[in-house]
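The values are calculated or read from the model by the stated rules, or taken from the named source; none is laboratory data. All of these numbers come straight from a predicted model, not from anything done at the bench. Neighbour counts are summed over all protein chains in view; Cβ atoms, including those assigned to glycine, are modelled from backbone coordinates with ideal geometry. For accessibility, only protein heavy atoms count, side chains too; no ligands or nucleic acids. Shrake-Rupley method; radii C 1.70, N 1.55, O 1.52, S 1.80 Å.
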Amino acid sequence: DGKWRLVIFDIPEEKRKMRNLLRQCLKNWDFYKLQASVFVCPYDCRDAVDLLIRTCNGERYVKFIEAEHISHDQGIRKHFALC
């Protein structure tokens with residue numbers, strides 16, 4: 001559908017296990033690491049990400065965003081073989 005799905009988070013150090021679990025799940029799901037706490041993918045994954053956030057009790061720290069455009073996205077497109 002041409003949309004990007006972004007997961008952004010700011011999880012405090014005392015919740016490091018939550019942060020590590022979230023990062024590992026996103027990596028396992030082949031999300032592209034855009035920045036240290038920003039991951040992106042082109043697939044409709046909202047339900048799975050919402051479940052992950054709830055499972056981790058991360059609602060306070062994690063946001064899910066759908067966007068139509070990311071500037072300078074060549075590396076992301078290459079990662080997902082969209083170019």
- [ ] Would you confirm whether any residue within the stretch 27-45 is of a type in the set (Ser, Thr, Tyr), surrounded by 11 or more Cβ atoms within 10 Å (Cβ to Cβ) and in a helix (DSSP H, G or I)?
- [x] no
- [ ] Could you please let me know if residue 67 is in contact with a Phe, Trp or Tyr (Cβ under 8 Å, 6 or more places away or on another chain) and either among the β-branched types (Val, Ile, Thr) or open to solvent by less than 100 Å² (accessible area, probe 1.4 Å) (or both)?
- [x] yes
TODO: Would you check which residues across the stretch 42-73 are among the hydroxyl-bearing types (Ser, Thr, Tyr) and either farther than 13 Å from residue 9 by Cα or touching a residue at least 60 places away in the same chain (Cβ under 8 Å) (or both) and list them?
DONE: 43, 55, 71
Open item on the list: Looking at (1) surrounded by 12 or more Cβ atoms within 10 Å (Cβ to Cβ); (2) free of Cβ contacts under 8 Å to residues at least 12 places away in the same chain, which one does residue 76 not meet, given that it meets all the others?
Closed with: (2)
